[in-house]
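For reference, the structure is listed below as structure tokens.
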Amino acid sequence: MNTLLNNSDLFITGFRNTLILFFFSAIFALILGTIVATLRVSPVPAMRAAATLYVNVVRNTPLTLVLFFFALGYPKLGLVPIDFTTAAIIGLSLYTATYVAEAVRSGINTVPVGQAEAARAIGLPFAQTLTLVILPQAFRAVIPPMFSVFIALLKNTTVAAGFSVFEAGAIRANLSERGEPALTGLLWIALVFVILVFILSALQRKLEQKWKVAR
Amino acid sequence: MTTQVPGDALVSLNAVNKHYGQLHVLKDINLNVRKGEVVVVIGPSGSGKSTLCRAINRLETIDDGVIKIDGKELPAEGKELAKLRADVGMVFQSFNLFAHKTILENVTLGPIKVKGVSKAEADKDAMALLERVGVGQQAPKLPAQLSGGQQQRVAIARALAMKPKVMLFDEPTSALDPEMINEVLDVMVQLAKEGMTMIVVTHEMGFARKAADRVVFMADGQIVEDATPEEFFTNPKSDRAKDFLSKLLTH
């Protein structure tokens, strides 16, 4: 307990940054992933090909490499300079979006084709058929895998510690510098993560109940 | 048979062909449906009657030929097509009510999003339509909470809410229990009496006799006969139709 209380400044800053990385990455990944998923089911072959290429390239690359690229490779390109936290958010978003896209795509596949036909039959164009009829039902069907993706994202934020972003994964190194026992520190960090994931799981249960689709 | 001037037709199909790979599902189809006419399409399974029905609002594309609604050729995929579909009501065999929306929302979605009607007005119209098909009490429920017959009546109300020029029915009673068939057919007969232009693919001969102006008999992708119900049921001309009708009577 002393390890936690004496170093609460480290824990608070660390986990605050973890949550910042998580929330921004989760929101961007959700938006980008949904767009990519809809591109993968679009009637335009070029859009389907581009989205498939993106998912396969980024998903097949280790997260560490993706983050390396944005933290170390990107600045060398001479574009708009970004700080490490922004770089980490971009990397995590792009990486997680591929998993979100696959979850959403499998959800789209669970929606009976008759739903889209009925929507088209009353005169809804493609975009509205997706946003008003298909996606709402697709999201309801994929709440459990979607939350697995976000739980993985929450834990993946610790990879950013390797790139000078001070978040939960970096707490341990700083504790060692202050001479605290390494094992105790790690256990406390793990406990906080377990609690955070519990909160996500509770949210998942609530959404599942609220959005139960009766068929 | 009634003679028709093509310019007079609300729905016209001219030399329409479609293949599914090797299978020639629609063979040189010519059909004209005038305003207010009720045309019942019957025929054995696989004769292409559902494909014909779905081609009219381009849920199925065709290989060649021309389909016109109210004198306007079916546009290719896009905004124009969506606009035209709003004028063509469609009722499916499997109802296809939007599973995540209430009965009322199912009926108001089209008018609000496609026609830009205010929510208050759409709700009012929808309630009137739901009352008319006898499911006003069910408005706040979800589709899954309703019986098949009730769901299909809601589907009819949903199509009517768009104030369509023509209504397409693709085997509307084939997925229903016998006792629910009548409640749906009653709504359809009423609609026919009120002068709605209807194209109905069905196996319900009773409905064809009662409400149809014309019966179109299809087999193997072709229109084999096109006659009044009286003519068709008492004096079919083709052997194919005679064979089909004799099988109906033996059971």
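What to note about this one:
- Any hit, the stretch A:104-114, residues being more than 7 Å from chain B (Cβ to nearest Cβ) and crowded, with 24+ Cβ neighbours inside 10 Å: yes
- Considering residues of the stretch B:41-73 that are assigned to a loop (DSSP other than H, G, I, E, B) and within 13 Å of chain A (Cβ to nearest Cβ) only, the residue farthest from the chain's Cα centre (by Cα): B:Thr61
- If the condition is being within 30 Å of B:Thr61 (Cβ to Cβ), open to solvent by 70 Å² or more (accessible area, probe 1.4 Å) and of a type in the set (Val, Ile, Thr), then the stretch A:1-59 contributes only A:Ile35.
- A count restricted to the stretch A:80-117 and to residues that are in a helix (DSSP H, G or I), of a type in the set (A, V, I, L, M) and closer than 30 Å to B:Arg54 by Cβ stands at 4.
- Residues located in the stretch B:97-111, provided they are part of a loop (DSSP other than H, G, I, E, B) and either of a type in the set (Gly, Ala, Ser) or away from chain A (no Cβ under 12 Å) (or both): B:Ala99
- Put simply, of B:Val114, B:Val88 the only residue that is facing another protein chain (nearest Cβ under 8 Å) and open to solvent by 10 Å² or more (accessible area, probe 1.4 Å) is B:Val114.
- Evaluation of B:Ser94 against (1) hydroxyl-bearing (Ser, Thr, Tyr); (2) at the interface with another protein chain (Cβ under 10 Å from one of its Cβ atoms); (3) in a helix (DSSP H, G or I) (one fails), failing number: (3)
- Taking the stretch B:217-232 as the range and being of a type in the set (S, T, N, Q) and more than 17 Å from B:Pro44 (Cα to Cα) as the test, only B:Thr228 passes.
- Residues that are under 23 Å from B:Thr202 (Cα atoms) and open to solvent by less than 30 Å² (accessible area, probe 1.4 Å), drawn from the stretch B:91-111: B:Val91, B:Phe92, B:Phe95, B:Asn96, B:Leu97
- Taking the numbered list (1) assigned to a helix (DSSP H, G or I); (2) farther than 26 Å from A:Val194 by Cβ; (3) more than 24 Å from the chain's Cα centre (by Cα) in turn, A:Ser176 passes all entries but (2).
- Matching residues, the stretch A:123-139, being open to solvent by 20 Å² or more (accessible area, probe 1.4 Å), facing chain B (nearest Cβ under 7 Å) and touching a residue at least 12 places away in the same chain (Cβ under 8 Å): A:Leu132
- Out of A:Leu187, A:Leu154, one residue alone is farther than 30 Å from B:Glu80 by Cα, in a helix (DSSP H, G or I), open to solvent by 50 Å² or more (accessible area, probe 1.4 Å) and away from chain B (no Cβ under 14 Å). It is A:Leu187.
- Among residues that are part of a helix (DSSP H, G or I), among the basic types (Lys, Arg) and either more than 14 Å from every other protein chain (Cβ to nearest Cβ) or surrounded by fewer than 20 Cβ atoms within 10 Å (Cβ to Cβ) (or both), A:Arg120 is not included.
- Of all residues making up the stretch B:159-174, the number that are in contact with a strand residue (DSSP E or B) (Cβ under 8 Å, 6 or more places away or on another chain) and at positive phi: 1
- All of B:Gly78, B:Gly21 fail the test of being surrounded by fewer than 20 Cβ atoms within 10 Å (Cβ to Cβ) and either over 25 Å from A:Thr131 (Cα atoms) or touching a residue at least 12 places away in the same chain (Cβ under 8 Å) (or both), apart from B:Gly21.
- Single residue of B:Ala211, B:Ala144 found to be within 14 Å of another protein chain (Cβ to nearest Cβ) and surrounded by fewer than 21 Cβ atoms within 10 Å (Cβ to Cβ): B:Ala144
- The residues on offer are B:Leu129, B:Leu84, and the sole one that is closer than 26 Å to B:Ser12 by Cβ, free of Cβ contacts under 8 Å to residues at least 40 places away in the same chain and assigned to a helix (DSSP H, G or I) is B:Leu84.
- Look at the stretch A:184-207: where a residue is within 15 Å of A:Thr157 (Cα to Cα) and a partner is not hydrophobic (A, V, I, L, M, F, W, C), sitting 6+ places away or on another chain with Cβ atoms under 7 Å, you get A:Ile189/A:Arg172; A:Phe193/A:Lys155.
- For the stretch B:150-170, the tally of residues that are touching a Phe, Trp or Tyr at 6+ places or on another chain (Cβ under 8 Å) and either under 18 Å from B:Leu59 (Cα atoms) or hydroxyl-bearing (Ser, Thr, Tyr) (or both) stands at 2.
- Top-ranked residue in the stretch B:214-227 [being more than 18 Å from the chain's Cα centre (by Cα) and open to solvent by 10 Å² or more (accessible area, probe 1.4 Å); ranked as nearest to B:Leu13 (Cα to Cα)]: B:Gln222
- Considering only residues in the stretch A:63-81 that are of a type outside the set (Ser, Thr, Tyr) and open to solvent by less than 70 Å² (accessible area, probe 1.4 Å), the one that is nearest to the chain's Cα centre (by Cα) turns out to be A:Leu63.
The values are calculated or read from the model by the stated rules, or taken from the named source; none is laboratory data. This structure is a prediction, so every number in the text was calculated from the model and none was measured. All Cβ positions, glycine included, derive from the backbone under ideal geometry; neighbour counts span all protein chains shown. These accessible areas exclude ligands, DNA and RNA; they are computed on the full protein's heavy atoms, side chains included. Shrake-Rupley method; radii C 1.70, N 1.55, O 1.52, S 1.80 Å.
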